[in-house]
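Student: Structure provided below as structure tokens; questions to follow.
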Amino acid sequence: MTPLLSVEGLNKTYGAHLGCRDVGLDLFPGEVLGIVGESGSGKTTVLNCMAGHLVPDRGRVVFDTRAKGPRDVLTMSESERRMLGRTDWAFVHQNARDGLRMGVSAGGNVGERLMAVGARNYGRIRQTAEDWLTRVEIDAARIDDRPTTFSGGMQQRLQIARNLVTGPRLVFMDEPTGGLDVSVQARLLDLLRGLVRDMGLSAIIVTHDLAVVRLLADRLLVMKSGEVVEHGLTDQVLDDPQHGYTQLLVSSVLQA
Amino acid sequence: MTVGQDKGGKTDAMIEIENLSKTFTLHNQGGVVIRVMAGADLSVRAGECVALTGASGSGKSTLMRMIYGNYLAADGAIRVGDVDVARAAPREILALRRDTLGYVSQFLRVVPRVPTLDVVAEPLRRLGMRDDNARDRAAHLLIRLNIPEALWALSPTTFSGGEQQRVNIARGFAHPYPALLLDEPTAALDADNRAVVLDLIVEAKVRGAAIVGIFHDTEARDRVCNRIVDVTGFSSGHAA
């Protein structure tokens, strides 16, 4: 099977400071990969390099495109990469405000991404936006309200709707449940799990929350000081960690 | 119960364990290496139920977790169907768990706030079954296991221990897995529900499932198991 995304030898430094070193991974269709590690471990650097938000110093990020098969995203033209970002890729930010247009209505936030891929029929766009608001459990009656009037959990769900409306194949998520109440987190986790299963999405989720990856991720990568120190099946890595750092990480979690 | 006589040849065994060993290395405690299992062999045929016995700490749960791919093997082979769990890539193990190998653990671990009916239907939806069919099958099992319909729309996280265990069992039996691991499936149950679970196990055997279980309930064990295997012989203190 061809991986949907294949990353090799990813390196990034910030001046003298190491971002990540020799990071490699394969992501297969329908798979959810978690990347964990503490603050400063390089997990967000890796995510941003893969998603095209940062330019790595070295490495390859090969995506299996619909039209032309596996292509190195880093050597694509800017316009090709932007097209990918609007169609097959989605990025869910930790802070919903970074992924939404706060001055535009909820419906507009969802419809905008549809229009970016060529949708022009206003009625149909509005209908699709309504469907998606319902799908992420936002009352369709709120379609003309701005996200500034939404709670944090609703904003995050709206960001997810905006991202998934074009039917992407790969979703990057940076701490998608960070900063939300525990009860709101649970609802969001359930929503994400259902969407991943029903849409056959592949996803890469960066988080420091081991409980979140246990429930969402099939496989896990553990990062420390810019390097991957352990990878494997999520429950295996958490229940039988092999690396000293992972053992420390797992044993440091407070039991609720 | 008939003890012993392992005639499970390599060809007809559904679960085949050979020369399996397990160590834990505690990197944050001076790098101590604990060898908990060495030279373990076990063969389970389709339609057969094998009970693991041995004192607490002898490695029953460790062996079950290794078969499921939850603990890594240090050495040896764990063949389930045509997959060697000890060497398989994570996505091969995920496919094995989805299609072939079920596990009823002692504790329910689910996303909070998901309704019980969906928790039970989930393994079927993952196999691509339509929503309503998956829910029908889940409802059927919940009825059999005496979970009142009024509770189906609620998350099982707030249920009693016995109710949670029955939800776990319903989930584990929703799909007719060819291989099943059962960890104390009758531990917290009253006589009626225990009988239902034993019936489910017998039915699974009749349809050809290979089952490995831990049963402290000896009466239940004698009713459903073909053989018992004492794992004390697998721990490294003893010659295997």
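Student: Considering only residues that are more than 18 Å from the chain's Cα centre (by Cα), surrounded by fewer than 22 Cβ atoms within 10 Å (Cβ to Cβ) and not hydroxyl-bearing (Ser, Thr, Tyr), which ones fall in region A:212-232?
Tutor: A:224, A:227, A:229, A:230, A:231, A:232
Student: For residue A:79, state whether it is at pLDDT below 95, polar (S, T, N, Q) and either in contact with a His (Cβ under 8 Å, 6 or more places away or on another chain) or surrounded by 21 or more Cβ atoms within 10 Å (Cβ to Cβ) (or both).
Tutor: So residue A:79 does not fit the description; no.
Student: Looking at B:217, B:222, B:199 in this structure, which one is surrounded by fewer than 23 Cβ atoms within 10 Å (Cβ to Cβ) and more than 22 Å from residue B:58 (Cα to Cα)? Walk me through how you get there before you give the answer.
Tutor: On the way: B:217 fails: more than 22 Å from residue B:58 (Cα to Cα); B:222 fails: more than 22 Å from residue B:58 (Cα to Cα).
Only one candidate qualifies: B:199.
Student: Shifting gears a bit: What is the number of the single condition among (1) closer than 22 Å to residue A:24 by Cα; (2) within 13 Å of another protein chain (Cβ to nearest Cβ); (3) in contact (Cβ under 8 Å) with a residue 12 or more places away in the chain that residue A:170 does not meet?
Tutor: Single failed check for residue A:170: (2).
Student: Let me confirm something: among A:162, A:157, A:197, which residue is surrounded by fewer than 21 Cβ atoms within 10 Å (Cβ to Cβ) and basic (Lys, Arg)?
Tutor: A:197
Student: Go through region B:127-177 and give me each residue that's assigned to a helix (DSSP H, G or I), of a type in the set (Ser, Thr, Tyr) and free of Cβ contacts under 8 Å to residues at least 40 places away in the same chain.
Tutor: Hit for region B:127-177 is B:158, nothing else.
Every residue, every condition in (1) more than 28 Å from residue B:190 (Cβ to Cβ); (2) surrounded by fewer than 21 Cβ atoms within 10 Å (Cβ to Cβ); (3) within 12 Å of another protein chain (Cβ to nearest Cβ), yes or no:
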{"residue": "B:69", "(1), (2), (3)": "yes, no, yes"}
{"residue": "B:78", "(1), (2), (3)": "yes, no, no"}
{"residue": "B:85", "(1), (2), (3)": "yes, no, yes"}
{"residue": "B:126", "(1), (2), (3)": "yes, yes, yes"}
{"residue": "B:129", "(1), (2), (3)": "yes, yes, yes"}
{"residue": "B:135", "(1), (2), (3)": "no, yes, no"}
{"residue": "B:143", "(1), (2), (3)": "no, yes, no"}
{"residue": "B:147", "(1), (2), (3)": "no, no, no"}
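Student: Looking at region A:204-256 only, could you name the residues that are polar (S, T, N, Q) and either at pLDDT below 90 or closer than 20 Å to residue B:26 by Cα (or both)?
Tutor: A:234, A:236, A:242, A:246, A:247, A:251, A:252, A:255
Student: Being of a type outside the set (Asp, Glu) and surrounded by fewer than 20 Cβ atoms within 10 Å (Cβ to Cβ) is the filter here, so list the residues in region B:183-196 that pass it.
Tutor: B:187, B:188, B:191, B:194, B:195, B:196
Student: Given (1) hydrophobic (A, V, I, L, M, F, W, C); (2) surrounded by 16 or more Cβ atoms within 10 Å (Cβ to Cβ); (3) touching a strand residue (DSSP E or B) at 6+ places or on another chain (Cβ under 8 Å), identify the lone condition not met by residue B:114.
Tutor: The one condition residue B:114 does not meet is (3).
Student: Please verify whether region B:24-35 includes one or more residues that are basic (Lys, Arg), surrounded by 16 or more Cβ atoms within 10 Å (Cβ to Cβ), away from chain A (no Cβ under 14 Å) and over 20 Å from residue B:172 (Cα atoms).
Tutor: no
Student: If a residue has to be touching a Leu at 6+ places or on another chain (Cβ under 8 Å) and within 12 Å of chain A (Cβ to nearest Cβ) to count, how many in region B:87-108 make the cut?
Tutor: 6
Student: Taking region B:36-51, which residues are buried (at least 19 other Cβ atoms within 10 Å of the Cβ) and either farther than 24 Å from residue B:99 by Cβ or within 14 Å of chain A (Cβ to nearest Cβ) (or both)?
Tutor: B:36, B:37, B:38, B:40, B:51, listed by residue number.
Student: Filter region B:124-136 down to residues that are of a type outside the set (A, V, I, L, M, F, W, C) and touching a helix residue (DSSP H, G or I) at 6+ places or on another chain (Cβ under 6 Å) and give me whichever is nearest to residue B:101 (Cα to Cα).
Tutor: Kept after step one, since they are of a type outside the set (A, V, I, L, M, F, W, C), are these residues of region B:124-136: B:125-126, B:128, B:130-133, B:135-136.
Add one more test, that the residue is touching a helix residue (DSSP H, G or I) at 6+ places or on another chain (Cβ under 6 Å), and what stays is B:125-126, B:135.
Working: B:125: 16, B:126: 14, B:135: 21 Å.
Result: B:126.
Student: Filtering region A:49-65 down to residues that are of a type outside the set (A, V, I, L, M), over 11 Å from residue A:11 (Cα atoms) and touching a residue at least 40 places away in the same chain (Cβ under 8 Å), which residue is surrounded by the most Cβ atoms within 10 Å (Cβ to Cβ)?
Tutor: A:63
Student: Could you check region A:198-248 and list, in sequence order, the residues that are away from chain B (no Cβ under 13 Å) and either polar (S, T, N, Q) or without any contact (Cβ under 8 Å) to a residue 12 or more places away in the chain (or both)?
Tutor: Passing the criteria: A:207, A:225.
The values are calculated or read from the model by the stated rules, or taken from the named source; none is laboratory data. All values derive from a computational prediction rather than experimental measurement. Virtual Cβ from ideal backbone geometry, glycine too; neighbours counted across all protein chains shown.
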